[in-house]
1. Compute the distance in nm between two label points, each set 7 Å from the Cα along the Cα-to-Cβ direction, one at ARG334 and one at ASP290.
2. Would you calculate the separation in nanometres between label points at LEU18 and HIS6, each defined as 7 Å from the Cα along the Cα-to-beta-carbon direction?
3. Restricting attention to the alpha-carbon atoms of the range 93-250, what are Rg (one decimal) and Dmax (integer), both in Å?
4. Using the heavy atoms of the protein chains and a 1.4 angstrom probe, tell me the accessible area per residue for the chain in square angstrom.
5. With every atom except the alpha carbons ignored, what do you get for Rg and Dmax of the range 165-217, in angstroms?
6. Taking the Cα centre of each part, how many Å lie between the range 84-149 and the range 240-313?
7. I'd like the carbon and sulfur percentage of the solvent accessible area for the range 193-330, probe radius 1.4 Å, heavy atoms only, ligands and nucleic acids excluded.
8. Below 18 Å, Cα to Cα, which lysines can LYS152 reach? Residues fewer than 8 away in the same chain don't count.
Amino acid sequence: MTGGGHACVVGYGSVGRLHAEVLTRMGLKVSVLDPDPSRPPGPSVSWWRSMRQVPDVRDVDVWVVCTPTHTHLPVVASVLAQDAAARIVVEKPACRAAETTAFTELLATLPAARVVVMNQYREASVLSSMARLVAREAPGEPIRALRVVFAKDRRPDVARGRFVDRDHGVFGYEWLHMLAALGHFLPASGYDAYLHGPVAPGSLRVAHDPDLVLAAAHERTTVRGVAVELFSTVAGEGAEAALPRPAWTRDYPTAIGERQRLVRVETASAHFTAELEPLGGPAHEQVRRDVHRITVRTSAGDRRLEVVDPLIKNAWTGMLASLSGVTCPPPDLRTLRRIASLIGTVWPWAADPALVGAERTGRPSGLAVEPVFSPRQESA
């Protein structure tokens, strides 16, 4: 599809613009569908305000849904109503937590449709490289622990009017990526058991924020003998007194915007840590794109190597190949269902119940809910 295909980006916010730029560099013709009159069309871009303005939906090779999460399912349904064989890429999360069954049922009624969900960490070569490194440097040693941390201060984004995920909170920003990273190192059966398993009492702590909904989450559990630790925050260090980053992350610098994306594998004799872009460090080192760092820590000391992996471009290469292939499997929504299970234990204190269409009451056992200072409180 590259070099002559036609992509229509639905929703031209920051994520839509990013995908449009990547697809243009890959040689696709890019059009935009966005009803917002405040967003001017870019140069040499066909701009449509509604589906009715699209001259021929069959002329579009791939639709790219970059609208807010709560509109994903209606947008996908709208595209498929016009072209039952459409090829669609949906930004993560694929849909609201309560819509996974409806999403699956919609696609089941349209067997000619092809839909994939964006997740650049699912096939990340930097993580595949680290998995091979673990096997080579610690042969025969079982993995004892897997730790994943994705952090960013998104409060400046909120102040600029960026979308707040009120369906998933912090889980909707990075947790899908974190679960994809986890899948590189857990055996398939163990990974599936974790995604389908219950949330163990006391295994999850969250921090609530009035503006960011769920601002941080920390899960500690055991999967087939492997200690699994997942942590994510969108509130920044100023609010981390309530739910601080795990202590081991202090060995690795944060990048601009308090970003920190770490994947750690521990065996009996070694620790392997991937620092995913953007890398932390001095300001002049933070502009290198697509560069990741792996640190191997053994009794002999630390050894570091860098891996170049353009995550989004490579993800697009894989997605376009899947959409154009002989077969295209339906979207794997197991990770979204896992997130729904996590949200189900904390939602009464995380958002307006009207947003999810049902009232939930009662405090689940084993849950620790921490307060977090909101941007408004901090500026007061």
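1. Taking the two extended label points, one gets 3.1 nm.
2. 2.7
3. Radius of gyration, then largest Cα-Cα span, for the range 93-250: 17.3, 51 Å.
4. Counting only protein heavy atoms, the per-residue value for the chain is 45 Å².
5. Rg, Dmax (Cα atoms, Å): 12.9, 38.
6. Computed from Cα coordinates, the inter-centre distance equals 21 Å.
7. Ligands and nucleic acids excluded, carbon and sulfur reach 55 percent.
8. Answer for LYS152, where 18 Å is the Cα cut-off: LYS92, listed by chain and number.
The values are calculated or read from the model by the stated rules, or taken from the named source; none is laboratory data. Source: prediction; values computed, not measured. Cβ: placed from backbone, ideal geometry, glycine included. Neighbour counts: every protein chain shown. Heavy atoms of the whole protein, side chains included, go into the accessibility calculation; ligands, DNA and RNA do not. Shrake-Rupley method; radii C 1.70, N 1.55, O 1.52, S 1.80 Å.
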